[in-house]
Amino acid sequence: AVEIAGKDAGRWYDHEAGTGGAGPELIRHHFGMDEKAAWDWARHWLGETAMPASWTTKPASAPASGSAQPVDLSEAGRATKVAEIVRQTEVPNGTPAHAYLLGRGISIQPPDCIRFRQNAFGRFGAMVALATDAAGEVLAIQQVYLTAEGKKAPLDLVKRTNKAVDGWAERSAVRLPGCEPLVLCEGVETALSVWQATGQEVWACLGISNIARAPVPEKATVIIARDGDAPGSKAEGMIARAATALALRGLTVLIATPPEGEDFNDVLLGEGEQAIRNRIAGADPFRPDQAEAGRKRLYIGSDVEMAKRVREDLTERHGRIVHAEGEFWRYAGSHWEAIPAHELRLPVHTYDGASFETPAGEPSNVKLTQTRVNSVLNECAALCAEPGFFDALPAGINCTSGFLRFDATGTPHLEPHHRNHRCRHTLPGRWAPGTSGIPPEGSMLRRLLTGSFKGDPDAQAKCDLLAEVCGSAALGYATRLVQPRAVVLHGKTAENGKSQILDLARGLLPASAICCVPAAKMGDERHVTGLVGKLLNASDELSPEAIASNIFKSVVTGEPIEGRDVYKSRVEFRSVAQNLFAANQLPSFKGGVDRGVQRRLLLIPFTRTIPLEERIEDIG
């Protein structure tokens, strides 16, 4: 809850966590920082100083004392919280929940999924609805806060939904038992009204967007008891998309509609149970092509209005959408990925020919051109913009097994993949705890390293350094090191192993994490955008063309860079890539090699030509 006016404007309170305060406390609460790190973060956000390293990872020490304590957001923590809330509930008979339902015209004894919780929010109790799966396990709850008289509590946040597990809406609902066909509703009060009037099985999905995800059995017939939303409204579009999703699953879908501006609880209070029965019995069959017609109704037909609709469509299809570093991003289950351009343009195309009324009240239709599609996507980018979304990442490696997080002592801990890790790639390998970091005798890796540096007095130091280079790339930490450097595998002769080492580094990462931007092209704004989001920039040869010193240093250190992709707007980003080059000759720089350039280059000499009898084709 946030105060939006008065002397306490801007102050907040998390009633579930029992903590609150002003801006600094919010930063501490959200990031789990101590007080100093929170003030450092705030100063940077205000543009006062450079960002210190203290806020990029959570402190290893115990959480700071005081009111702003971190909240356990793990699945186990959520499940424990939900179980504790359920344990505190009782049957609603004789409680404010009973009085509340009577006031809504619901006099039937509710099933056990409707409960009451005393002192749920300070002095206010709550009607608690339990969303259960087919086995009866509670996967989520919704609380409606009530006064002692059974009225809605005078709070800004009257309802709160708590989930025990991710994906609960695809497995559970507030289930009111009865006969077929199944009726799906958005809210609990609507569901109880329909259940009382019809005796049919009714599910409350706890949100309009969850209707599409409801775990309805295959080939079933369902009736959506929708609210009477205005034609062309956002809610009407969401209902159409939900009905379409159910129909595409092979279900027979009907839609029952109350009068405009009302829901079925309003019908119960105003017209009685028979009116509900009549509307449920007269539910209209739904066809997926109806959704297209509904979605194409616009109010004013502006680019901004279409951009808002497109964002809704993309969010419905992909979940949360973020625009950062010139791309739209979606979470793909283990990492964030850029949405291909054609997948972005097609949702805009659906509004070609959409009807709307001009300010004079005349009917008109949208006429899309390439320029206007680009304009809509540009406005959509502004709506989804989250600058710096990928800047503050936890220290860890995102692999097939999960997210391998390293604490302050370097000890690894495996966590399930999560969107909050903000990783853009998933490494193809799995983590095996206890595996030695030394390649086994006779292994291909051992043969590659020993063959490349046989007889070299610095062989072990070079092998250790190469391991660090690969590790910094896998972590996405190359530009966050104390002294970030581009690494040059330098050998004047051929067949000395440097190209195979380069292939080895490439093989550790997915193709999506690798780019090849030659150092000489980094000064070209059309080429430098190839570094966006990449973990490794690997190039086989350094061109004799001189390198732009200033841009090169910015790339290596992760300073802001501007680039422009073809036909796109200019974008600012920070490179996180480890730069690794294989070269027979050392590069030259425009303006000479000053001390700044020297600090950003690290040469690993390859001095041995591998004999023919020791060579293995493509060993890297």
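The values are calculated or read from the model by the stated rules, or taken from the named source; none is laboratory data. Quick caveat, the model's predicted, so the values are computed rather than measured. All Cβ positions, glycine included, derive from the backbone under ideal geometry; neighbour counts span all protein chains shown.
Worth a mention:
- Boolean, L489 is in contact (Cβ under 8 Å) with a residue 24 or more places away in the chain and surrounded by fewer than 22 Cβ atoms within 10 Å (Cβ to Cβ): no
- Candidates A235, A243, A230, filtered to the one that is loosely packed, with under 15 Cβ neighbours inside 10 Å and part of a helix (DSSP H, G or I): A235
- Unique residue being in a loop (DSSP other than H, G, I, E, B), buried (at least 16 other Cβ atoms within 10 Å of the Cβ) and of a type outside the set (F, W, Y) when the list is G136, G105, G125: G105
- Meets criteria (farther than 18 Å from E273 by Cβ, assigned by TED's automatic domain parsing to the domain that holds G103, over 28 Å from the mean Cα position of the chain (by Cα) and β-branched (V, I, T)) for V222: yes
- Residues that are surrounded by 14 or more Cβ atoms within 10 Å (Cβ to Cβ) and at pLDDT below 65 occur in segment 70-83; there is at least one.
- Residue in segment 185-200 that is at pLDDT 95 or above, buried (at least 19 other Cβ atoms within 10 Å of the Cβ) and closer than 14 Å to L254 by Cα present: yes
- Complete set of residues in segment 431-459 that are under 30 Å from P416 (Cα atoms) and part of a loop (DSSP other than H, G, I, E, B): W431, A432, P433, G434, T435, S436, G437, I438, P439, P440
Residue-by-condition table, conditions (1) within 28 Å of the chain's Cα centre (by Cα); (2) of a type outside the set (A, V, I, L, M, F, W, C); (3) under 30 Å from P416 (Cα atoms):
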site: E149; (1), (2), (3): no, yes, no
site: L155; (1), (2), (3): no, no, no
site: D166; (1), (2), (3): yes, yes, yes
site: V174; (1), (2), (3): yes, no, yes
site: G178; (1), (2), (3): no, yes, no
site: L182; (1), (2), (3): no, no, no
site: C185; (1), (2), (3): yes, no, no
site: T190; (1), (2), (3): no, yes, no
site: A197; (1), (2), (3): no, no, no
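- Only residues that are assigned to a loop (DSSP other than H, G, I, E, B) and surrounded by 13 or more Cβ atoms within 10 Å (Cβ to Cβ) were counted across segment 587-608, and they come to 7.
- Looking across segment 532-555, just one residue is more than 22 Å from Q585 (Cα to Cα) and modelled with pLDDT under 85, and that is S554.
- Of the candidates D284, D266, the single residue that is over 13 Å from C185 (Cα atoms), free of Cβ contacts under 8 Å to residues at least 40 places away in the same chain and crowded, with 19+ Cβ neighbours inside 10 Å is D266.
- Taking the criterion of being out of contact with any Lys or Arg (no Cβ under 7 Å at 6 or more places or on another chain) and at positive phi, the residues of segment 203-248 that qualify are L206, G207, K219.
- Residues satisfying the criterion are present in segment 144-157 (criterion: more than 24 Å from K219 (Cβ to Cβ), touching a Gly at 6+ places or on another chain (Cβ under 7 Å) and assigned to a strand (DSSP E or B)).
- Per the conditions (1) farther than 30 Å from V304 by Cβ; (2) touching a residue at least 60 places away in the same chain (Cβ under 8 Å), the sole criterion not satisfied by V366 is (1).
- The single condition among (1) modelled with pLDDT of 85 or more; (2) not in a strand (DSSP E or B) that L489 does not meet is (2).
- Within segment 222-245, considering residues that are free of Cβ contacts under 8 Å to residues at least 40 places away in the same chain and not small (G, A, S), the one farthest from A212 (Cα to Cα): D229
- Condition met for R422 (under 15 Å from the mean Cα position of the chain (by Cα), modelled with pLDDT of 90 or more and either β-branched (V, I, T) or outside the structural domain of R574 (by TED's automatic domain parsing) (or both)): yes
- Selection count where residues are of a type outside the set (A, V, I, L, M, F, W, C), within 18 Å of N420 (Cα to Cα) and surrounded by fewer than 18 Cβ atoms within 10 Å (Cβ to Cβ), scope segment 304-358: 5
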